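Peer 1: What follows is a structure written as structure tokens; I'll ask about it next.
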Amino acid sequence: MAKNMSELQAERAKFKPVLPAILKNGAGAVVARQGKRTESISDQETVNKLFENTYGLPVVTFAKGKNPSAVKKAVKIGVVLSGGQAPGGHNVIAGLFDGLKKANPKNKLIGFLGGPSGILDNKWKEITAPYMDHYRNTGGFDIIQSGRTKIETPEQFEQAKNNILDNKIDALVVVGGDDSNTNAALLAEYFKKEGTGISVVGVPKTIDGDLKNEQIESSFGFDTATKIYSELVGNICRDVNSARKYWHFVRLMGRSASHITLEVGFKTQPNITLIGEEILAKKMTLSSVVDNIVGVIAERAELGKNFGVALVPEGLIEFIPEMKELISALNDAMADNEEKLNEMGSVGDKKNFVCGLLPENLASLLKSLPSAIAAQLMLDRDPHGNVQVSQIETEKLLIEMVKVKLRDLKKAGLFKGKFSAITHFFGYEGRCGAPSNFDANYTYALGYNAAVLALNGLTGYISSVRKLLKKSSDWVCGGVPLTMMMNIERRKGKEKPVIQKALVRLDGAPFKTLLQNRDNWALTESYIFPGPIQYFGPSAVTDMTTKTLAYEQKGK
């Protein structure tokens, strides 16, 4: 045990994840049952042409049966952590390690260091039992670190292939979100086309909750991260209900979907919960979003309540149609003129240059924004060519606009209350927390399941563990073809195949539940105070999962 291990970590090291019953006897006792041929979510013809060797694979479900071929030959498998951290990543690797060793003690697990760049730079280390034991049930990705490098050029694909073959690796497991698993699909296709015999298996990771479908009921880390954020927001709700003099605006992580905000809303019941997908569907302007917020603030002020809590999804700006159009145009303009923009020293120069490239209405919109927000929109893009939405302090923009509207209402004698606001951004706080019991079990099962997929020679699949509201021993395991989750989207000015992000469904049970309660939460103090994650105690507390999953699965 390491000297710097906390008392909690020491106790958590003793936790033994409960495997789904189908996996308990290892890969030698599991056979893959194949379903019908699949197709991509949309753009079927285009996706098929791009993935000629891996398109149309069947969904695979594991069942009991003798499978000596999966355990007879000793193999070496590589694993890479890709993208942002999510609680439970270490248990994915633990499950992968244990699944391999259960199948054949001579099997080896190689961890590529620092994300996909480790594959290209041939930097790796073997995961051994003593090394693995130090990281079981812990947060973070520090066992082998992560990175955001994308393997996308012909030279990079060739380099990846050569390094994996040189190391005599039989399969690669990619732990990541939608972009990382898109990369996994491209690698699987390339390796298949080249006749390498290398399998590629993905694992669904993202705290944002936007990598899911009927077969991927939840991405790992979402449960833990939302519990961490809910503890913080619950503390704020308690504070605001005690002091009764501030409005707290809390921006929560989630660039492309509002799942985190919705879940934290359920767990804490704040006065305002903004859902980006609703704003997009209603084609609301920035001004109308502010009007709705002002309406709640004014109604509460009439009741003598000059305080409250508002949750704001990180990607709100991109859901507002006029802003979405502006950002899309900015992404294209900046991608097409990257070299010229890099030569410009000031944000003002970049803004003036880009305004000359935009349609008049969008140029006017950019010029009309507060200078701080306009500057943030002009920041360097992320590796995928998109605005770094997490850098945009949307909650501060909303507060400034709310102040202006309330000042106008006060002048007209329509608002007699007070408005004093405090801002928060909870993002990184949730990415590396010690996984909840649910995530500890789920990630371990995902990793073990990925090992079984790889030992069966399956490639182009993502590890799927379903029926998550049941006890972990009753979970259903198998694999989903990565191409089944794909569509074509515009990235860096070009049409590219990507795994489609799962947004909050406005016709789904979770959002409908919010609608049923929103008006009541707005005017009352219905706050819930979840407190910290509980790892020990009654199952009703330690093993509960998300409200979102419960609402989605109700009646199924």
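Peer 1: When segment 391-422 is examined, which residues are found to be of a type in the set (F, W, Y) and under 21 Å from A243 (Cα atoms)? Spell out how you get there, then give the answer.
Peer 2: Kept after step one, since they are of a type in the set (F, W, Y), are these residues of segment 391-422: 415, 419.
Once the filter is applied, which keeps residues that are of a type in the set (F, W, Y) and under 21 Å from A243 (Cα atoms), segment 391-422 yields only F419.
Peer 1: Same structure again: Considering every residue within segment 8-18, establish whether at least one is basic (K, R), touching a residue at least 12 places away in the same chain (Cβ under 8 Å) and in a helix (DSSP H, G or I). Give the derivation first.
Peer 2: Step one: filter segment 8-18 for residues basic (K, R), giving 12, 14, 16.
Adding the requirement that they be touching a residue at least 12 places away in the same chain (Cβ under 8 Å) leaves 12.
Keeping just the survivors that are in a helix (DSSP H, G or I) gives 12.
Checking segment 8-18: at least one residue is basic (K, R), touching a residue at least 12 places away in the same chain (Cβ under 8 Å) and in a helix (DSSP H, G or I).
Peer 1: Kindly list the number of the only condition in (1) of a type outside the set (S, T, N, Q); (2) out of contact with any His (no Cβ under 9 Å at 6 or more places or on another chain); (3) in a helix (DSSP H, G or I) that fails for L232.
Peer 2: In the conditions (1) of a type outside the set (S, T, N, Q); (2) out of contact with any His (no Cβ under 9 Å at 6 or more places or on another chain); (3) in a helix (DSSP H, G or I), L232 misses (2) alone.
Peer 1: Inspect segment 221-230 for any residue being of a type in the set (A, V, I, L, M) and closer than 25 Å to K403 by Cα and give the result as yes or no.
Peer 2: So in segment 221-230, the residues of a type in the set (A, V, I, L, M) come out as 225, 228.
Subset that is closer than 25 Å to K403 by Cα: none.
Within segment 221-230, none of the residues are of a type in the set (A, V, I, L, M) and closer than 25 Å to K403 by Cα.
Peer 1: If you don't mind, there's one more thing I want to ask. Yes or no: M253 aliphatic (A, V, I, L, M), touching a residue at least 12 places away in the same chain (Cβ under 8 Å), on the phi < 0 side of the Ramachandran plot and assigned by TED's automatic domain parsing to the domain that holds K396?
Peer 2: Details: aliphatic (A, V, I, L, M): yes; touching a residue at least 12 places away in the same chain (Cβ under 8 Å): yes; on the phi < 0 side of the Ramachandran plot: yes; assigned by TED's automatic domain parsing to the domain that holds K396: yes.
The answer is yes for M253.
Peer 1: A further question follows. Looking at A333, A372, A363 in this structure, which one is at pLDDT below 85, of a type outside the set (D, E, K, R) and in a helix (DSSP H, G or I)?
Peer 2: On the way: A333 fails: at pLDDT below 85; A363 fails: at pLDDT below 85.
From the options A333, A372, A363, the qualifying one is A372.
Peer 1: Select from segment 254-265 the residues that are touching a strand residue (DSSP E or B) at 6+ places or on another chain (Cβ under 9 Å) and surrounded by fewer than 24 Cβ atoms within 10 Å (Cβ to Cβ) and list them in ascending order.
Peer 2: R255
Peer 1: State which residue pairs qualify: first residue under 19 Å from K494 (Cβ atoms) and in the same structural domain as A363 (by TED's automatic domain parsing) and inside segment 333-346, second residue modelled with pLDDT of 85 or more and of a type in the set (V, I, T) in any location, beta carbons under 6 Å apart, and separation of 6 or more residues or different chains.
Peer 2: Note: pairs meeting the criteria are A333/V354.
Peer 1: Here is a follow-up. Does K283 count as basic (K, R), out of contact with any Gly (no Cβ under 6 Å at 6 or more places or on another chain) and assigned to a helix (DSSP H, G or I)?
Peer 2: Numbers: basic (K, R): yes; out of contact with any Gly (no Cβ under 6 Å at 6 or more places or on another chain): yes; assigned to a helix (DSSP H, G or I): no.
Spelling it out, it is not the case that K283 is basic (K, R), out of contact with any Gly (no Cβ under 6 Å at 6 or more places or on another chain) and assigned to a helix (DSSP H, G or I).
Peer 1: Identify the single condition in (1) under 30 Å from H424 (Cα atoms); (2) not in a helix (DSSP H, G or I) that G345 does not satisfy, given that it satisfies every other one.
Peer 2: Unmet condition: (1).
Peer 1: Identify, by number, the condition in (1) charged (D, E, K, R); (2) part of a strand (DSSP E or B); (3) over 30 Å from T268 (Cβ atoms) that R251 doesn't meet.
Peer 2: (3)
Peer 1: Considering each of I236, I198 in turn, give the residue that is over 23 Å from V75 (Cα atoms) and aliphatic (A, V, I, L, M). Break it down into steps so the answer makes sense when it comes.
Peer 2: Values: I198 fails: over 23 Å from V75 (Cα atoms).
Residue meeting the stated conditions: I236.
Peer 1: In addition: Output yes when any residue across segment 437-444 is buried (at least 20 other Cβ atoms within 10 Å of the Cβ), at pLDDT 95 or above and farther than 30 Å from D170 by Cα, and no when none is.
Peer 2: As a first pass, look at segment 437-444 and keep what is buried (at least 20 other Cβ atoms within 10 Å of the Cβ): 437-444.
Filter once more, keeping what is at pLDDT 95 or above: 437-444.
So of that shortlist, the ones also farther than 30 Å from D170 by Cα come out as 437-438.
Yes, because at least one residue in segment 437-444 is buried (at least 20 other Cβ atoms within 10 Å of the Cβ), at pLDDT 95 or above and farther than 30 Å from D170 by Cα.
Peer 1: Evaluate the following for E302: is it closer than 20 Å to A421 by Cβ, under 23 Å from the mean Cα position of the chain (by Cα) and assigned by TED's automatic domain parsing to the domain that holds K396? Walk me through it before giving the result.
Peer 2: Working: closer than 20 Å to A421 by Cβ: yes; under 23 Å from the mean Cα position of the chain (by Cα): no; assigned by TED's automatic domain parsing to the domain that holds K396: yes.
Criteria not met by E302.
The values are calculated or read from the model by the stated rules, or taken from the named source; none is laboratory data. It should be emphasised that the depicted structure is a prediction, and the values quoted were computed from it without experimental measurement. Positions of Cβ are backbone-derived with ideal geometry, glycine not excepted, and every protein chain shown enters the neighbour counts.
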